[in-house]
Amino acid sequence: MATTPPASAMRSLDRAFDVLGVLEDTRQPLRLSEVARRANLHVATVQRILNVLIERGYAAKEDTGYVAGPAAVATAHAFLVNNRLSQIALPVLQELAATTSQTASLYVRVGLARVLIARVQGRNPLRYQLPIGEKLPLHLGAGKALAAWLPDTELDTLIEQAAPFTRISGEHITADDLRADLQQVQHDGYALSLSERALNVTAVSAPIRHGEDVLGALSITGSSGELTDDDHTRLINEVRRAADAVAARCP
């Protein structure tokens, strides 16, 4: 008969994940005090957690601070190998990239962020590269195809945390603007993003909906200089068709 772990054990586990999450989100080594500040934990508690994470390979200590460790890569690999969604979506992504000549991507939601789990380059590659596992915001670009279907409480939290903000284009977005934008995405069934996260980049994304669940989002991304307004309708139709094709193949 299974027993419920004591509350203290659950709190310790939550704190360990908080620290690991800080290391996952950083782009540079962090000092102990900075990890503690971002995790909102006492320095001594963070030090104990980091010692365990280092021993298990999920964290590493460099001369300038702490970073995520190599065991995180092994965990990500295990996810990619066993994840049914990415396996189903890959041939659809390949077809989408070939049909549109643009980069096709698959994202899944992790908390109030999105993570890239598959990508196929088109004939017109982007100027920048995103590695698999990159964590990106939900309130910009393809993330809106996931954010628009968040439960009300999570949607309120996202808007409260994200807004106000300024898109890379210079457009200032208030909380009301973001809520209206996401409501429009849900109504339309797709998101069209122009220079929101990266300058001169157009993205079209659509949710992969399976019943009431949103399993992920498909997106195509290209240079705004190559994709005119006349291209948008065709790209929207292609992305929505691809997202529906993936959803239909999911068990």
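Some values worked out for this structure:
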item	result
Size of electric dipole in the chain: Cβ of Lys, Arg +1 and of Asp, Glu -1, about Cα centre, debye, nearest 20	820 debye
Candidate values [x] 127; [y] 166; [z] 142, label of the one derived for volume of the Cα convex hull per residue in Å³	[y]
Among Gln47, Ser193, Gly122 the positive-end extreme of the charge dipole of the chain (Cβ point charges)	Gln47
Extended-chain gain in nm, criterion 0.36 nm per residue less alpha-carbon gap, His232 and Val52	59.8 nm
Crossing angle, helix 152-162 versus the chain [Cα axis fit, 0-90 degrees, rounded to tens]	80 degrees
Ordering of 144-151, 161-168 by burial proxy (mean other Cβ atoms within 10 Å per residue, highest first)	144-151, 161-168
Helix axis angle, 175-188 relative to the chain longest principal axis, alpha carbon, degrees	50 degrees
Between helix 43-56 and the chain: long-axis angle, C-alpha atoms, 0 to 90°, nearest 10	70 degrees
Accessible area, probe 1.4 Å, largest first, for residues Ser223, Ser195	Ser223, Ser195
The chain: calculated mean residue ellipticity at 222 nm from DSSP helix runs of at least 4, using -39500 (n - 2.57)	-15000 deg cm²/dmol
Glu160, Glu24, ranked by accessible area, largest first (probe 1.4 Å)	Glu160, Glu24
The chain, accessible surface, carbon-and-sulfur percent (1.4 angstrom probe)	52 percent
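The values are calculated or read from the model by the stated rules, or taken from the named source; none is laboratory data. Bear in mind that the values here come from a model prediction, so they are computed numbers and not experimental data. Cβ atoms come from the backbone with ideal geometry, glycine included; neighbour counts cover every protein chain shown. Accessible surface is based on the protein model in full, side chains and every heavy atom, while ligands, DNA and RNA are left aside. Shrake-Rupley method; radii C 1.70, N 1.55, O 1.52, S 1.80 Å.
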